[in-house]
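The values are calculated or read from the model by the stated rules, or taken from the named source; none is laboratory data. Please read all numbers here as calculations on a predicted model, not as lab measurements. Here the Cβ positions follow ideal geometry from the backbone for every residue, glycine too, while neighbour counts run over all protein chains shown. Calculation scope for accessible area: heavy atoms of the full protein, side chains included, ligands and nucleic acids excluded. Shrake-Rupley method; radii C 1.70, N 1.55, O 1.52, S 1.80 Å.
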Amino acid sequence: MIYGAMKFSIGGSLKLAFRPWVEGLENIPERGPAILASNHLSFSDSFFLPAVLDRKVTFIAKAEYFTAPGVKGRLTAAFFKGVGQLPVDRSGARGAGEAAIKAGIQVIESGGLFGIYPEGTRSPDGRLYRGKPGGLARVALATGAPVIPVAMIDTEKIQPPGQVVPKLMRPGIRIGKPLDFSRYQGMDGDRFILRSVTDEVMYEIMKLSGQEYVDIYATAAKRQIAEEAKAKAEEAKRDRKQPPAADESASADGNATADKDRAADENRTERSGA
């Protein structure tokens, strides 16, 4: 009931303001379980996708969104529950991975649509990164549910990091045909099978999105980008503090001496001419 009200208010507002275009809606089953595996470009992905579907989609969100204190915390928790988000406790030996798998299996066993981002985090630069083989593949192989690849298009351009006011433009959503991995059901303990399933899904997402594919994890790419930015900042800081090089100082001194000699010669010439 809360989800319906949220979908009507938030989803309706998103569709009215941004007018997202959609391809492949016919690939979403009218009933029964399925896994929606999407690329992840923006925080808004979890709102645009449910907004264009008739069925409820359940994503996972970090538990901190549901446990923050105060009025703001309660409102935040109510919002995330209302839009179909499930809290995931990231504590424990294996953190969010195991919690996400359990949550996904519960959604599938109840006959629902489970939304997941195989990259594990938002893309730092708009490219498509390597999928993590844990959550997506293990839920698919444990339940036998079909995996439907989804591509979000241009959602990262609506509100880039640091931009407060979103840009009014039309994002897109492409929904691919369901992928059947029932031939691997029960083999969720085989890491090679998990990798193969994940790579197949990522390949379909790449075809739908048209993104450049990078065969590293997005978390590693974020660390690399942060380290490069830090190194550049430190280099610029050193350059501002560093005194002129010795050869530059010598050259400057030599030029100054030459200028003085020329001036003295000119003065002597003027006096002798007088």
statement: Computed ³J(HN,Hα) along region 226-236: with the Karplus parameters 6.51/-1.76/1.60, θ = phi - 60°, integer Hz and x for glycine or proline, the list is 5, 5, 5, 5, 5, 5, 5, 5, 5, 5, 5
- line: Non-local residues with an amide H under 5 Å from the amide H of Asn39, with H modelled 1.01 Å from N and Pro and chain starts lacking one, are Val150, Met152
- prompt: Amide H neighbours of Arg55 under 5 Å, counting only residues 5+ apart in sequence or on other chains, H built in-plane at 1.01 Å?
  reply: none
query: Ranked highest first by average number of other Cβ atoms within 10 Å, how do 139-146, 187-194, 98-105 line up?
result: 139-146, 98-105, 187-194
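Roughly how many Å² is the accessible area per residue of region 100-200, as a whole number, for a 1.4 Å probe?
Working: 4590 Å² over 101 residues.
Heavy-atom SASA per residue in region 100-200 reads 45 Å².
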